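Working notes, beginning with the structure itself.
Please treat every number below as a calculation from the coordinates, not as lab data. Please read all numbers here as calculations on a predicted model, not as lab measurements. Here the Cβ is made from the backbone with ideal geometry for all residues, glycine too, and neighbour counts use every protein chain on show.
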Amino acid sequence: MTLKLEEIKSLIKEAIPDAEISIEDLAGDENHYSATIRSKVFSGKSKIEQHKLVYKALRGKMGNELHALALNTLER
Amino acid sequence: MDENLKKRINDEIEKNEVCLFMKGTPEVPQCGFSLAVSNLLKHLDIKFKGFNVLEDNNLREGIKQYSDWPTIPQLYIKGEFIGGCDIIKEMFEKGDLQKKLTEKKISFKNNN
């Protein structure tokens with residue numbers, strides 16, 4: 001159960017087109033990532049709502065194909 | 001989701017002021033993210049109840065539906081979903097978690 005870094009990026013881009021994304025594969029195992037995402041869509045939203053937008057972009061892969069994605073969402 | 005399970009989760013988060021749904025137990029967490037949140041709560045001397053989702057697959061899937069949140073751990077304070085590991089850590093660093101605890105009248109120690 002792994003997900004490629006590029007795949008994560010493109011799923012997020014698809015759902016949040018203006019997103020500036022930087023992702024790091026923490027363990028080099030395609031399963032533990034850390035991402036910083038900056039977008040206008042996060043403006044005025046709570047952290048819970050912001051993270052939910054990212055999880056939604058990943059279409060159910062979070063917690064399944066993708067074990068760990070540390071998230072840092074920022075408004076731009 | 002299953003009504004009985006929903007009621008069970010409802011009851012627990014009403015009965016226990018601070019609930020952490022986690023992988024493993026507060027004594028022996030079995031995932032780095034659960035460990036991090038559990039340690040943070042201990043650091044603040046917060047009395048909390050840990051629910052080990054690894055021992056109960058219904059609860060593991062149920063809490064994800066209940067909170068509409070795909071990952072574990074999940075923290076509830078007085079019935080309110082606070083977030084997962086990243087959010088809790090960030091709130092702690094900014095002092096927002098401490099504010100929330102004060103607001104909700106949960107006793108904690110501000111250890112530095």
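Values as computed for the structure displayed
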read-out: Among B:53-63, A:17-27, the order from most to least packed when residues are scored by Cβ within 10 Å on average; value: B:53-63, A:17-27
read-out: Residue mean of other protein chain beta carbons inside 10 Å, B:66-73; value: 4
read-out: Length-normalised contact order of the range A:5-75 in % [C-alpha pairs under 8 Å, at least 6 apart]; value: 36
read-out: Pairwise Cα inverse-distance average, inverted: Kirkwood Rh of chain A (Å); value: 12.2
read-out: Centre separation in Å (Cα based) which lies between the range A:41-76 and the range A:1-38; value: 11
read-out: Calculated P(r) of the range B:3-103 - Cα pairs past 18 Å, %; value: 40
read-out: Positive dipole terminus of the range A:5-75, leading residue within A:Pro17, A:Gly28, A:Ala68 (C-beta point charges); value: A:Pro17
read-out: Computed lengthening from B:Thr25 to B:Glu12, 0.36 nm per intervening residue step minus Cα-Cα distance; value: 3.1 nm
read-out: For the range A:34-51, Karplus couplings with θ = phi - 60° (6.51, -1.76, 1.60), whole Hz, Gly/Pro x; value: 10, 10, 10, 10, 10, 7, 5, 5, 7, 4, x, 9, 6, 4, 4, 5, 4, 5
read-out: The range B:63-79 and the range B:7-29: distance between their alpha carbon centers, rounded to Å; value: 10
read-out: Gyration tensor (Cα) of the protein assembly as shown, equivalent ellipsoid semi-axes in angstrom; value: 27, 19, 16
